[in-house]
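The values are calculated or read from the model by the stated rules, or taken from the named source; none is laboratory data. Just so we're clear, the structure is a prediction, and the values are computed from it rather than from any experiment. All Cβ positions, glycine included, derive from the backbone under ideal geometry; neighbour counts span all protein chains shown.
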Amino acid sequence: MIGEPGTVTVTRLDGNDTWLISLEGEHDAFTVPMLEARTAQAWSTCSLVVVDLTAATFIDAAVIGWLVRAQIAVSTGRLAITEARGSVVSRMLDVAGVREILDCYPSSATHELPDQSEAFG
């Protein structure tokens, strides 16, 4: 990691039904254990988890691995990722080739995400 470790903010919206996980700054293998500890209970209890990467300035393969594991772990809902298109983080997602398995959106505004009823058909 080049700079200071990034921060993680976890906000539960609508009781436990929707979680917003915001990453700010630089995140790598050093911060993944913190991510896992702060978000473990979200995966089995909510219908929507939004991971906001718009304020993240760097992520590495360990964080991308955490995102993929989170996608698999969301057993009762879905995972949506918001990002700043054209950023270093966006390019890392492109290089890793994970857009096909991760639901990515180019904004931090959750109102731009598809209606949940549409997502589940």
- With the first residue restricted to the stretch 23-44 and required to be under 12 Å from GLY6 (Cβ atoms) and of a type in the set (A, V, I, L, M), and the second required to be assigned to a loop (DSSP other than H, G, I, E, B) and at pLDDT 90 or above, Cβ contacts under 6 Å at 6 or more apart or on different chains are LEU23/GLY6
- Message: Regarding the stretch 78-98, can at least one residue be identified that is farther than 18 Å from VAL8 by Cβ, at pLDDT below 95, in a loop (DSSP other than H, G, I, E, B) and in contact with a helix residue (DSSP H, G or I) (Cβ under 8 Å, 6 or more places away or on another chain)?
- Response: yes
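Here is a yes/no grid of residues against (1) farther than 15 Å from CYS104 by Cα; (2) among the β-branched types (Val, Ile, Thr):
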position	(1), (2)
GLU4	yes, no
GLY25	yes, no
ASP52	no, no
ALA56	no, no
ASP60	yes, no
VAL68	no, yes
SER75	yes, no
- Note on the structure: Selection from the stretch 7-17 of residues in contact (Cβ under 8 Å) with a residue 24 or more places away in the chain, farther than 15 Å from ARG38 by Cα and in a strand (DSSP E or B) yields none
- Across (1) at pLDDT 90 or above; (2) in a helix (DSSP H, G or I); (3) under 19 Å from ASP14 (Cα atoms); (4) not β-branched (Val, Ile, Thr), TRP43 clears everything bar (1)
- Message: What's the number of the only condition in (1) closer than 17 Å to LEU79 by Cα; (2) surrounded by fewer than 14 Cβ atoms within 10 Å (Cβ to Cβ) that ALA42 fails to meet?
- Response: (2)
- Message: Looking only at residues that are touching a Ser or Thr at 6+ places or on another chain (Cβ under 9 Å) and among the aromatic types (Phe, Trp, Tyr) in the stretch 1-59, which one is farthest from THR82 (Cα to Cα)?
- Response: TRP43
